[in-house]
């Protein structure tokens with residue numbers, strides 16, 4: 001996520017199809033399903049902070065962390081515009097160092113797929129677990145292996161919002177890693193200014209993610225199709241994990 005210098009300027013424009021209000025509804029409904037009060041909540045890889053702000057407006061005691069200063073700059077501006085007091089920290093996911101414990105951690109919109117090194121992903125789970133109160137919940141979503149192989153793969157996608165034109169080119173590599181190149185054309189009068197951003201995403205097997213969570217001390221409560229409480233299907237493009245911090249873990 002730290003490479004999002006250029007993309008941060010266009011992120012909100014190009015993710016216009018994400019309904020953050022519905023996603024906030026979903027997160028709250030899942031936590032409610034398990035009788036969990038969100039308490040102190042961390043929005044991990046919060047990006048430009050739209051979801052963080054939405055949940056804060058609903059009364060959730062939430063703060064955000066992201067590895068990109070540019071993304072966080074957008075988030076800080078959004079919170080300031082609504083006169084919301086939200087703490088935003090610039091930290092890499094695998095190295096989070098919090099001031100105290102949390103009751104809930106959310107991580108949405110396949111942010112964890114940006115960690116392509118398995119050991120760093122394990123460390124991320126370990127760090128979340130370190131600061132998670134016993135009985136706390138970790139709710140996150142990831143792109144599936146099916147999506148990387150069958151949808152993203154070696155395909156190209158084009159987005160045209162009027163002000164911004166984006167060509168998204170993918171190339172599928174080993175370990176279900178997709179190399180992504182975004183060529184972004186911003187309208188300036190009668191011409192377009194081109195910018196390029198490159199990054200990678202990796203899809204992990206569901207069983208692999210479960211093993212890593214368990215190793216970190218979490219109990220995997222459920223794995224759902226995105227935005228539902230339906231059991232994950234073989235052709236789901238995004239999986240939602242609901243994990244609870246094992247109350248038997250000795251945190252001393």
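The values are calculated or read from the model by the stated rules, or taken from the named source; none is laboratory data. Since the structure is predicted, the reported quantities are computational estimates derived from the model, not experimental observations. Counting neighbours? That spans all protein chains shown, and the Cβs are built from the backbone with ideal geometry, glycine included.
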Is it true that some residue in segment 104-111 is surrounded by fewer than 18 Cβ atoms within 10 Å (Cβ to Cβ) and at pLDDT 95 or above?
no
Tally time: how many residues in segment 161-178 are modelled with pLDDT of 90 or more, over 26 Å from residue 139 (Cα atoms) and not in a loop (DSSP other than H, G, I, E, B)?
8
Could you tell me which of the residues 153, 136 is on the phi > 0 side of the Ramachandran plot and either modelled with pLDDT of 95 or more or assigned by TED's automatic domain parsing to the domain that holds residue 175 (or both)?
153
Look at residue 194 and say whether it is outside the structural domain of residue 23 (by TED's automatic domain parsing), touching a strand residue (DSSP E or B) at 6+ places or on another chain (Cβ under 9 Å), farther than 27 Å from residue 20 by Cα and not in a loop (DSSP other than H, G, I, E, B).
yes
Tell me yes or no: at least one residue of segment 67-82 is over 18 Å from residue 242 (Cα atoms), under 12 Å from the mean Cα position of the chain (by Cα) and part of a helix (DSSP H, G or I).
no
Run down 175, 143, 170 and say which single residue is surrounded by 15 or more Cβ atoms within 10 Å (Cβ to Cβ), touching a residue at least 12 places away in the same chain (Cβ under 8 Å) and over 28 Å from residue 25 (Cβ atoms).
170
Go through (1) surrounded by fewer than 14 Cβ atoms within 10 Å (Cβ to Cβ); (2) in a helix (DSSP H, G or I); (3) in contact with a strand residue (DSSP E or B) (Cβ under 6 Å, 6 or more places away or on another chain) one by one and return the number of the condition residue 148 breaks.
(1)
Output yes when any residue across segment 221-240 is in a loop (DSSP other than H, G, I, E, B), more than 19 Å from residue 105 (Cβ to Cβ) and outside the structural domain of residue 25 (by TED's automatic domain parsing), and no when none is.
no
Among the residues of segment 1-23, count how many are modelled with pLDDT of 95 or more and either touching a strand residue (DSSP E or B) at 6+ places or on another chain (Cβ under 9 Å) or farther than 24 Å from residue 115 by Cα (or both).
2
